[in-house]
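Working notes for the structure below.
The values are calculated or read from the model by the stated rules, or taken from the named source; none is laboratory data. This is a predicted model, so every value here is computed, not measured. Every residue, glycine among them, receives a Cβ derived from its backbone with ideal geometry; neighbour counts consider all protein chains shown.
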There are 2 protein chains.
Amino acid sequence: MALVTAPPPAPKPATEDLKLTLDRPLVLQSGVTLSPVTLAYQTYGALNADRSNCVLMCHALTMDQYVASQHPVTGKPGWWSDIVGPGKVIDTNRFFVVCANVLGGCMGSTGPKEINPATGKAWGLTFPVITIRDMVQAQAKLLDHLGIEQIFCVIGGSMGAMQVMEWAHRYPGRVFSAVPVAGSYRHSAQNIAFHEVGRQAIMADPDWCHGNYLEENKVPKRGLAVARMAAHITYLSEPALHNKFGRRLQDREAPTYGFDADFQVESYLRHQGHTFVDRFDANSYLYITRAMDYFDLAQENGGVLSNAFKGTPVRFCVISFSSDWLFPTEESRAIVRAVNAVAGNVSFVEVASDKGHDAFLLDEPEFHQTLQGFIDGAAGARGLPKRAHVTAP
Amino acid sequence: MALVTAPPPAPKPATEDLKLTLDRPLVLQSGVTLSPVTLAYQTYGALNADRSNCVLMCHALTMDQYVASQHPVTGKPGWWSDIVGPGKVIDTNRFFVVCANVLGGCMGSTGPKEINPATGKAWGLTFPVITIRDMVQAQAKLLDHLGIEQIFCVIGGSMGAMQVMEWAHRYPGRVFSAVPVAGSYRHSAQNIAFHEVGRQAIMADPDWCHGNYLEENKVPKRGLAVARMAAHITYLSEPALHNKFGRRLQDREAPTYGFDADFQVESYLRHQGHTFVDRFDANSYLYITRAMDYFDLAQENGGVLSNAFKGTPVRFCVISFSSDWLFPTEESRAIVRAVNAVAGNVSFVEVASDKGHDAFLLDEPEFHQTLQGFIDGAAGARGLPKRAHVTAP
């Protein structure tokens, strides 16, 4: 860890667009060597003197580094701005929060839409297939660069939870605590199936141009929109769809007996599809879904998940949502059992929610309270200052 | 019912491709008048002297009239040949089984791929949007033609169950008993959402040609395949996918780190998509999914489902499958409660199965035994001869 001796970065009171290009190539899980590798990242708050207050956020499939700041394309608040900020659950007055766009992403980190300097063209399908391990390996290099030997807490939902699991498995000495939310230790057959539908929808679009759409000045909008629509259904529960839309009609009194978006749920899905193509790259969608498909910590460890955590010093807090059918609670329980089996330190909460997988991004007080409790306890164990007392209004 | 006085058709000992063109236009639920209307149908067994032994089968979204005979395109056995045949649960030695391709279908009944005689061209998107009520209305005309005043039993799974519900609601005097299997009284928001994804996938395919692909000598194969893949996932349960495929690789020892079908589940889904386009018409898929979306017996009856069955003489047997998440048991329970609320005659079985929605098409002994028991009881009540004793081998 030679880089730990480098001077710590100046505290960053505000959000800033940051980039790091690694000084060495990255050897990927597939065996392929990737170079150059750039990570685009955001930080919030300031690193403390003994560099012990870093919270690493790992983002989900279509998210990015803008965890708590306005998205540069959509103008919307960051995906976890409910949780991350001054005085919030992940209090940026206490913690130095880091979030990097994943390898293979499309918000500035090296991925298929970036230019390969060796050819002067976008990588496209010449980009190597990456894995969750590769994403985490790249993040570890970023922490080296930031002079952070040990993360206080690594947190992520969905694919972010996969990265959390990989961090805890691969770098147990660098992780004080870990919070996988709405996640799993492996992608299920049903999850792979839904991803494959999305990929086939993208590849079926002639504007995908066999992956070369950037060279051809095209965008596979229709295919990517269909992929997003299919995926979006899996993010919501049936009760959530029922409560939100039911069978209500969209701006009309009676059905039109046609193929317009008669129902609100159709209109909503079409909107989700159409807006997604403005902010996401189709090839990135292929690569990142593939990375999730390949993830299986049990299989990598002789088929026994607990082997991945033998002797682990990591404090885990596993959180699931009762109506999440994409990453059902049973997957989280399997993690809990595995850590228990090696006498590890793990707490577990299944949050009662009817909002489905998306609950991890929504205002779910029980989730936020659970996270707050765990963070405060872990901060005490780590010797970090207590949370400032907040008087209820 | 003038046609009831027509001579009954000659008993049909074997399967035969049959067609009926109605002698009058059909006024659809939308108010549109459709003409001419042809129904392609199959029959099995013979009508008895007092025409009291007819079992009407209603098929699901992508099924057809080949309920118990070899499919003319795929060469596969009929979709319910496990159940329908000599000595089987629906014993064709006892019953006269009728099954018609639905209106809007693509196996010979009037639908978007058939020629509109007024223009000499395929209907395409000029075909009017049809509903479950329209499908059932057309079937009622077929029974008129066959000289059948009352059906002994109307049976169907999935969309077939919707037709069963519509039959019982619309023609209670013509239905002695009704068996909706793995169905509902209305299409849920989640179901509409999945259908909308499929439709958008078809419409996104440039070879769909805005619905005119037949005129253009094209087939929207890629879009229809994606639609089928997405739908197919909803027909299986997560445990079924896990047991059938899990994360096993397809004909390889290690992942290829690419976008080939590394996983068996991907290979299977691609196969489902590719074979579907050989036997199904893309526009039919649009129309039939739309018919399902519009179905809501509660809404049609002032928001109170039991209003649809006030004073019903129909004997119902409602069957669901425990792992069916497309038409969950709760939907069937709502039917049972509604019939109970009007003091109707209803039995209900939730069959324990891990096979998901598809269970209604698979070898599920508890389902078949339930159906056999109900059919035998109802046959007795109707005064039909008892089942021939079958000695166990």
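Some values worked out for this structure:
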| read-out | value |
| --- | --- |
| Residue identified as buried (at least 19 other Cβ atoms within 10 Å of the Cβ) and either away from every other protein chain (no Cβ under 14 Å) or among the charged types (D, E, K, R) (or both) among A:361, A:297, A:305 | A:361 |
| All positions within the stretch A:163-195 that are among the hydrophobic types (A, V, I, L, M, F, W, C) and away from every other protein chain (no Cβ under 14 Å) | A:164, A:165, A:167, A:168, A:175, A:176, A:178, A:179, A:181, A:182 |
| Selection count where residues are closer than 12 Å to residue B:34 by Cβ and either in contact with a strand residue (DSSP E or B) (Cβ under 6 Å, 6 or more places away or on another chain) or among the β-branched types (Val, Ile, Thr) (or both), scope the stretch B:113-127 | 2 |
| Residue list for the stretch A:229-238, filter: polar (S, T, N, Q) and assigned to a helix (DSSP H, G or I) | A:234 |
| Hey, residue B:259 facing another protein chain (nearest Cβ under 8 Å), hydrophobic (A, V, I, L, M, F, W, C), buried (at least 16 other Cβ atoms within 10 Å of the Cβ) and touching a strand residue (DSSP E or B) at 6+ places or on another chain (Cβ under 7 Å) or not | no |
| Only listed residue being closer than 26 Å to residue A:258 by Cα, in contact (Cβ under 8 Å) with a residue 24 or more places away in the chain and not in a helix (DSSP H, G or I), chosen from B:197, B:226, B:219 | B:219 |
| Flag for residue B:271 being free of Cβ contacts under 8 Å to residues at least 40 places away in the same chain, part of a helix (DSSP H, G or I) and either within 11 Å of another protein chain (Cβ to nearest Cβ) or surrounded by fewer than 21 Cβ atoms within 10 Å (Cβ to Cβ) (or both) | yes |
| Selection from the stretch B:240-250 of residues that are in contact with a helix residue (DSSP H, G or I) (Cβ under 8 Å, 6 or more places away or on another chain) and more than 8 Å from chain A (Cβ to nearest Cβ) | B:240, B:248, B:249, B:250 |
| Residues of the stretch B:196-238 classified as more than 10 Å from chain A (Cβ to nearest Cβ) and of a type in the set (Ser, Thr, Tyr), total | 2 |
| Scope the stretch A:323-346; condition outside any helix (DSSP H, G or I) and either within 21 Å of residue B:241 (Cα to Cα) or touching a Lys or Arg at 6+ places or on another chain (Cβ under 6 Å) (or both); matching residues | A:323, A:324, A:325, A:326, A:327, A:328, A:342, A:345 |
| Selection from the stretch A:3-36 of residues that are crowded, with 16+ Cβ neighbours inside 10 Å, away from chain B (no Cβ under 14 Å) and modelled with pLDDT of 60 or more | A:15, A:18, A:20, A:22, A:26 |
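Residue by residue, here is whether (1) over 18 Å from residue B:184 (Cα atoms); (2) part of a loop (DSSP other than H, G, I, E, B) holds:
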{"position": "B:65", "(1), (2)": "yes, yes"}
{"position": "B:70", "(1), (2)": "yes, yes"}
{"position": "B:73", "(1), (2)": "yes, yes"}
{"position": "B:104", "(1), (2)": "yes, yes"}
{"position": "B:130", "(1), (2)": "yes, yes"}
{"position": "B:143", "(1), (2)": "yes, no"}
{"position": "B:160", "(1), (2)": "no, no"}
{"position": "B:166", "(1), (2)": "no, no"}
